[in-house]
Amino acid sequence: MTGTTTEAAPPPLTTAPAAGEVRKPPTRRRLVPYWLLLPGILWLLVFFALPLVYQASTSVQTGSLEKGFQVTWHFATYWDALAEYYPQYVRSLLYAGTATVLCLLLGYPLAYLIAFKAGRWRNLILVLVIAPFFTSFLIRTLAWKTILADGGAVVGALDALHVLDVTNWLGWTQGDRVLATPMAVVCGLTYNFLPFMILPLYTSLERIDGRLHEAARDLYASPATTFRKVTFPLSMPGVVSGTLLTFIPASGDYVNAELLGSTDTKMVGNVIQSQFLRVLDYPTAAALSFILMAVVLIMVTVYIRRAGTEDLV
Amino acid sequence: MTTDTKSTGGDVRLTGISKTYGSFTAVHPLELTIPQGSFFALLGASGCGKTTTLRMIAGLEDPTTGTVHLGERDVTDLPPYKRPVNTVFQSYALFPHLSIYENVAFGLRRRGVKSVKKQVGDMLELVQLGDRAQQRPHQLSGGQQQRVAVARALINHPQVLLLDEPLGALDLKLRRQMQLELKRIQTEVGITFVHVTHDQEEAMTMADQVAVMNGGRVEQLGAPADLYENPQTTFVANFLGTSNLIPAEIVEGASEDLVVSAGGGKLRLPAGRCQASTAAGGRLLVGVRPEKISLVHADDAGTIPDGRNRLTGTITASSFIGVSTQYVVDGPAGSGLQVYEQNVERDSRLAPGAEVVLHWNPAHTFGLGADQAIDAGTQKVEDAA
Amino acid sequence: MVLLRWIRRRLVVFAGLLTLAYLILPNVIVMVFSFNDPAGRFNYAWREFSTAAWRDPCGVADMCGSLSLSLQIATWATIGATVLGTMIAFALVRYRFRARGAINSLIFLPMAMPEVVMAASLLTLFLNLGAQLGFWTVLIAHIMFCLSFVVTAVKARVMSMDPRLEEAARDLYAGPVQTFLRVTLPIAAPGIAAGALLAFALSFDDFIITNFNAGSTVTFPMFVWGSAQRGTPVQINVIGTAMFAIAVLVVVVGQLLARRRNRAAQP
């Protein structure tokens, strides 16, 4: 760095434009952002955007694995896929939606507890919320097989409290089993994505100025009203990003349905997986995947518009 | 880095320098020479282009047109790290991850100075922070951080020190103290200081020369007393202190003293202090500072000596502020006229509602062109917040 | 009555602690069952205490191999995604350029897309290109989906950074490289570290995208998945518990160190 400041050198003679002439920043400097963006954006274009194009083209191909596939603009694949697998779509959205609502109901008190009530325990509880991440989620999901095992303590307790009678009537469980029922799958989904709900909720709750609560109390709001009129509205950004971070991955998940469910609880992820990796019917698999993407994107867009928070990125 | 060339420096010369962002012109082509060794203030409301001008001198902003010279050297194309110019940033921009010692040593180290210990020690002593060397910036108070920022820049012996609102984050008392401190340091080291501020009092206390900027242009340039006594535009008249501006028509021109009529009365002012045409029949704004005006109750109008400018009116408000009392007077010539009276002998009749006569020495009157907005520059209080 | 009111006042606390228990319970089960000696091939029911698995953690065929493969992939994916993501984050915060909106969407979309869709479409690409599925395809996929998360983490940090700090460095004779190394990077480091940590965790734990694009290569999550069908060795729980313990230890030690450093810096 030292040698570059040559103040003894004569001033540059011709490079400086005369007064009045408009200067432009050197081209090299104007290109800096593009060089910074290039590798990463190229990566996303080639390995994220381009694959979607390939998938779109695959979805309208016909043929077989032996003879090869050709683009024949066979849109009927979509109708066939929808007609055959709409129960799995409905189930996916239903399970993911239920899990999201449960995550919100379970996660909000905990996030509130960490943000306002934990005091010196705050960091410890935060670590405990993040800690499960450190164990492979597949191992943790398998642990639910033990927890919900037939004849186990949890199932026994639910039975004794007659909860199973209710869930049986609702069709969530069957007989004295929880495992291999919709309830087990939703329970697994809720568990898996709960931290993704808690963390954004905590972040937005933590930002709330404690004096706002005092101001609300001062202005004749009861604790419940304070929550309804002040705390909850202010935590909306966390609610929105938390629900998105829960719903989106849950809707495409097939691990919980596979490990904790049965053939009657298969979600659309399971179908895509088996079409792609076992049946090798690529056009159908591609169409299924595309429909899922479209449904999720439309729902998310509508949701974000309604919630009015577009600056999530 | 050859430090010997620094001391031989020279004036800062801005030639036709301007800055536009898209269609917005932050600074209109500007000619400005800042004499070596002077304490120079760029004064104006926020958004007037003063900071942009400063940043162009620092090299942090590329001018759209024009050149920057330091002495004979054209530095327009030099990046900031090659200019013998250092900056004390607004809110200081101290490196949070480095100790006070390393903050101050930063410039020396980048220039490859091997043994910085003595210099940094001396500099920290100069700003009375020798015992804080190993602390982090966030552990220091605002005033201490400000001194670190000054030390960090001064240790490099720059040809020019740029100060961007250096006292803006300090409370009033500390600000006063630091104003004197900065002035002392400047006198001691003899480096050219260019100081950007929106605080007219700060500019007037510290600077030898003040350039008042407005809308990307320099409105007026001069010594603080000169600017105050002889404002050339309504903006300067209102922005620096307070002025009573009264619309008037010239009755008698062309002599040494002009006679104008305002609100039915006649006022005189020296032709030499009039910035507009002095021909009879022309319109102008007659100005007088509130502290130049004396105030007597209408009953005592006879005691006013001859030869003074007079205006009649009614007190609408008065506020007692210790050393003086400020009155607001409405009269036929104008409303909201301000008068500051020293609290020597208080006349208890001077209360809101009282009929009064204002009078002052005609030599203290100045004249401005009537083609400008009469209230230009009066919003400075809101801008400063 | 008094008791009832006492409980009602602390309803939030009880609800929160219940949720916490729900979150922690599986980890406890994993840990307890790492000391099990199961009757059959599956380690779902308690039989008797044993430390056999802890004494021989790699005693299962292929498990430790898959673990080391996962660690390698996670390491490289973290490096790749962190470098590329940090560059993008800086460009987004610090520069003005065309197509900003399109680039923001391109970064947001991978996070707003079910994993299975990305997994399937990426497989389509690799099949069409005739790529050999394995280590490299998995690494490419992992860098792709970690990238957006790194960008988000680093961006948040860089955005809260005062641009005047870099100007101050340039003003104090630091050239572009020096400015970046001595000021920008140290100050952005917590954001970059957070992004890198997130990338490592996401990559190491990823199953869905890996399952589609790994071919016959087996990462640790894929090994677990396979064993759920064939039989779950107790060693899986040992690895899970060890990872959990190491991570908690790292966090706690890090916190203690940070606290001690803060205390030492006090006057």
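Values quoted throughout were computed directly from the atomic coordinates according to the rules given, and no laboratory measurement underlies them. The model shown is predicted, which means the values in this text are computed figures rather than measured ones. Here Cβ is always computed from backbone atoms with ideal geometry, including for glycine, and neighbour counts include all displayed protein chains.
At-a-glance table
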quantity: Gyration tensor (alpha-carbon) shape descriptor, segment A:162-313, a/c threshold 1.5; calculated: oblate
quantity: Candidate aspartates and glutamates - alpha carbon under 19 Å from B:Lys82, same-chain residues fewer than 8 apart omitted; calculated: A:Glu7, B:Asp4, B:Asp11, B:Glu61, B:Asp62, B:Glu72, B:Asp74, C:Glu166, C:Glu167, C:Asp171
quantity: Karplus-derived 3J(HN,Hα), 6.51/-1.76/1.60, for each residue of segment B:188-193, Hz, glycine and proline x; calculated: 5, 8, x, 7, 5, 10
quantity: Alpha-carbon centroids, segment B:9-37 and segment A:73-148: separation in whole Å; calculated: 60
quantity: Mean separation of Cα contacts under 8 Å (6+ apart) over length of chain C, as relative contact order %; calculated: 31
quantity: Cβ-placed point charges (K, R +1; D, E -1), dipole of the protein assembly as shown about Cα centre in debye, nearest 20; calculated: 2200
quantity: In Å, descending, principal axis extents of the Cα set of segment B:4-229; calculated: 46, 38, 34
quantity: Karplus 3J(HN,Hα) series, Hz, for segment B:76-89 with 6.51 cos²θ - 1.76 cosθ + 1.60 (x for Gly, Pro); calculated: 3, 9, 7, x, x, 6, 10, 9, x, 9, 10, 10, 9, 7
quantity: For chain C, built as a Gaussian network whose Cα springs stay under 10 Å, the top-fluctuating residue of C:Gln72, C:Gln132, C:Gln229; calculated: C:Gln229
quantity: Theoretical ellipticity at 222 nm over chain C - DSSP helices of four or more residues, -39500 (n - 2.57) apiece, nearest 500; calculated: -24500 deg cm²/dmol
quantity: Euclidean distance of C-alpha centroids, segment C:157-236 and segment A:31-46, integer Å; calculated: 18
quantity: Cα-based helix-to-principal-axis angle, B:117-126 vs chain B, degrees rounded to 10; calculated: 20
quantity: Part-to-part distance (alpha-carbon centres) for segment B:78-102 and segment C:1-61, which is given in Å; calculated: 54
quantity: Cα lying deepest toward the dipole's positive end in chain C, options C:Trp46, C:Trp225, C:Tyr22, charges on Cβ; calculated: C:Tyr22
quantity: GNM top mover of C:Phe97, C:Phe207, C:Phe145 - chain C, alpha-carbon springs below 10 Å; calculated: C:Phe97
quantity: When each of B:Lys19/C:Lys155; A:Lys145/A:Lys266; A:Lys67/A:Lys266; B:Lys266/B:Lys292 is checked by Cα-Cα distance, pairs over 27 Å; calculated: B:Lys19/C:Lys155; A:Lys67/A:Lys266
quantity: Simple label model, 7 Å out from Cα along Cβ direction - B:Asp347 to A:Val127, nm; calculated: 7.9
quantity: Fewest-first ranking of A:His162, B:His97, using other Cβ atoms within 10 Å as the exposure measure; calculated: A:His162, B:His97
quantity: Net length gained if the chain between A:Val163 and A:Val90 were fully extended (0.36 nm per residue, minus Cα distance); calculated: 23.8 nm
quantity: P(r) weight above 32 Å for chain C, C-alpha pairs, percent; calculated: 44
quantity: Backbone HN-Hα couplings from phi across segment A:73-89 [Karplus 6.51/-1.76/1.60, Hz, Gly and Pro as x]; calculated: 6, 8, 5, 4, 3, 5, 5, 4, 4, 5, 4, 7, 10, 4, x, 5, 4
quantity: Sequence-distant residues sharing a close amide H with B:Leu258 (under 5 Å, placed H); calculated: B:Leu269, B:Ala271
quantity: Label-point separation, B:Asp330 to A:Phe116 (7 Å along Cα→Cβ), nm; calculated: 5.2
quantity: Helix-derived mean residue ellipticity, 222 nm - over chain B, DSSP H n ≥ 4, -39500 (n - 2.57), to 500; calculated: -6500 deg cm²/dmol
quantity: Helix-derived mean residue ellipticity, 222 nm - over chain A, DSSP H n ≥ 4, -39500 (n - 2.57), to 500; calculated: -19500 deg cm²/dmol
quantity: Size of charge dipole - segment B:4-229 - debye, nearest 20, with Cβ of Lys, Arg +1 and Asp, Glu -1, no other charges; calculated: 960
quantity: Relative contact order %, segment A:85-266, counting alpha carbon pairs below 8 Å whose residues are six or more apart; calculated: 36
quantity: Within segment C:67-156, trypsin sites (Lys or Arg not before Pro) in DSSP loop having at most 12 other beta-carbon neighbours inside 10 Å; calculated: C:Arg96, C:Arg98
quantity: Separation of the B:Val259 and A:Leu82 label points, Cα + 7 Å toward Cβ, nm; calculated: 9.6
quantity: 14 Å tail of the calculated P(r), segment B:273-351, as % of Cα pairs; calculated: 68
quantity: Calculated FRET value between A:Val46 and B:Ala169, using beta carbons and R₀ = 45 Å, to 0.05; calculated: 0.40
quantity: Gained length - C:Val177 relative to C:Asp37, 0.36 nm times residue gap less alpha-carbon distance; calculated: 44.5 nm
quantity: Trypsin sites (Lys or Arg not before Pro) within segment A:133-210, DSSP loop, no more than 16 other Cβ atoms inside 10 Å; calculated: A:Arg207
quantity: Order of B:Leu368, A:Leu105 under a 10 Å beta carbon neighbour criterion, fewest first; calculated: A:Leu105, B:Leu368
quantity: Potential extension, B:His97-B:Thr303 segment - 0.36 nm per residue separation minus Cα distance; calculated: 67.2 nm
quantity: Contact order relative to length of segment C:1-105, as percent, for alpha carbon pairs under 8 angstrom and 6 or more apart; calculated: 11
quantity: Volume in Å³ per residue [convex hull over Cα atoms, computed for chain B]; calculated: 167
quantity: Qualifying lysines (Cα of each under 27 Å from Cα of A:Lys117; at least 8 residues distant if same chain); calculated: A:Lys229
quantity: Cα gyration tensor shape for segment B:237-384, rounded if a/c is under 1.5, else prolate or oblate; calculated: oblate
quantity: P(r), alpha carbons of segment C:170-267 - 5 Å bins starting at zero, rounded %; calculated: 2, 10, 11, 14, 13, 12, 11, 9, 7, 5, 3, 1, 1, 0
quantity: Least to most buried among B:Ile293, C:Ile246, C:Ile73 (fewest other Cβ within 10 Å first); calculated: C:Ile246, B:Ile293, C:Ile73
quantity: Chain A: C-alpha gyration tensor shape, a/c 1.5 cut-off, then a/b vs b/c; calculated: oblate
quantity: Degrees separating the helix A:236-252 axis from the principal Cα axis of chain A, which is the longest one; calculated: 60
